[in-house]
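Just below is one structure, and these are the notes that go with it.
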Amino acid sequence: MIKSRVFYGAILILCIILIFFEKGKSSFTLLYTLLLLPIGSFVMCLISKYCLKINRACNSEVNIKGEEADIRLIIYNKSLLPIPSLTFTFSATEINGEYSPIKNKPVSITMAPFEKYVREFSVIWKYRGVYEILPKVIYLRDFLGLFEMRVNLREVTKLIVYPLIVEIKFFPLAMNLLSGGQSRFDRRTEDYANMADTRRYEPSDSMKRIHWKLSAKRNLLMVKNFESSALNFAVVFLDLHRVSDEKMPPNPFDGGVLHGVGVMPENREYVIAVEDKMLELAVCVCNYCLNKQIPLNFCAGLEVIYANNHNEFDNLYTLAANAEFNHDTELSDVIGSFINEETIARNIIVITALLTKELYETLAGMHRFGHKITVLYVVPMDDRRSYIAGMLLDVGVKAFSIFPWDETEQIFENM
């Protein structure tokens, strides 16, 4: 555009010089034409600006991490005037602008009257999150190249990419904890392969439940109580405290490739991978509990959602997809305030990427109270606080160190 303005200015100066030496009709006609051309070019560009119709869309209504989607940009010129230059960058970026699954270079096109332009590209969602389809702004130039107008797209097209749900077969939970308002006489979802304890026979009990060997030994009818997933309760704590870039190593990958994740040119993307793994673990644990008919509380930051059965899983899933790691409240404070209201031992699952001394003391105290605690610690490759996971193991807390590139299914199989 600078070259066009310089060129136009040079022609205008030459025209003025021509008039100085040759004062004829042709000279003045040329001058007036040169003076009116920018005005006409500006008006045409202005009309084209308000006659543009732009749509952005995705072929899939529900997007899940790891899936491929086609994103489309449609531009329609509704005017009789051609558009000599239209420049934009078509892509998709995370809503906070920290990560883009694909980076496209600026595109310049020309459009004839009533022409429809369609451009699309495929993208594989590497991380969950809320993404925005670009462009936000399209730049329009007149045919002389003297003016540039911005076309701001008011409507924001957002896509929610949900975490990957991995069906896991096992997770270490205590299966003999009572949930509030339930008793050991509730036998709706008993696992007859695992006996929890025995009790005295009641008239309503089936004869098939009698423990004959123990009854003969005690000379008293005793019946078997089996483990029941419905008699348990879990609380899942997801730490949404922001993981700082400063806690990351300067080069957390081998030769620029992070195993199973992809090229990591910046530490910030490694942090996003850590956060994504935390959310994936949380979703898998919640899905496992609800499939086993274990009611739970899902605490993500300061938000708490109670789910009694799998029909309520969608609420947890949506919260995880929209979660932002920008909280300043320490996880130890969140856990402490929640557990202080509990008088019954619970299954506590803590998913975090930041172990602190305060969190260690809180979890150790909860373990002494009788809570069954499992810590899923998603760590950077060179985190100095990894020793706290070992300290938790020493006091009886189950703690597992997990890296972002670890296969989720394999993680739970090794527990």
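Quick notes
- Calculated on C-alpha atoms, the gyration radius of region 301-415 divided by its Kirkwood radius gives an Rg/Rh of 0.95.
- Spatially proximal lysines relative to Lys398 (Cα-Cα < 16 Å; intrachain offsets below 8 disregarded): Lys372
- Legend: Rg and Dmax of region 305-367, from Cα coordinates, 13.6, 38 Å.
- With θ taken as phi - 60° and the Karplus curve 6.51 cos²θ - 1.76 cosθ + 1.60 applied, the whole-hertz 3J(HN,Hα) list for region 386-403 is 4, 5, 5, 4, x, 5, 5, 4, 5, 8, x, 7, 6, 10, 10, 8, 10, 9 Hz, x standing for glycine and proline.
- J(HN,Hα) series, region 121-132, from Karplus relation 6.51 cos²θ - 1.76 cosθ + 1.60, nearest Hz, glycine and proline x: 8, 9, 9, 9, 6, 7, 9, 6, x, 9, 10, 10
- Each other residue within a Cβ distance under 13 Å of Ile2 adds +1 if Lys or Arg and -1 if Asp or Glu, for a net charge of +2.
- Net charge over other residues, Cβ less than 13 angstrom from the Cβ of Leu144 (K, R count +1; D, E count -1): +1
Laboratory data are not the source of any read-out in this text; all were calculated from the coordinates shown. Note that the structure is predicted; figures quoted are calculated from it, not measured. Every residue, glycine among them, receives a Cβ derived from its backbone with ideal geometry; neighbour counts consider all protein chains shown.
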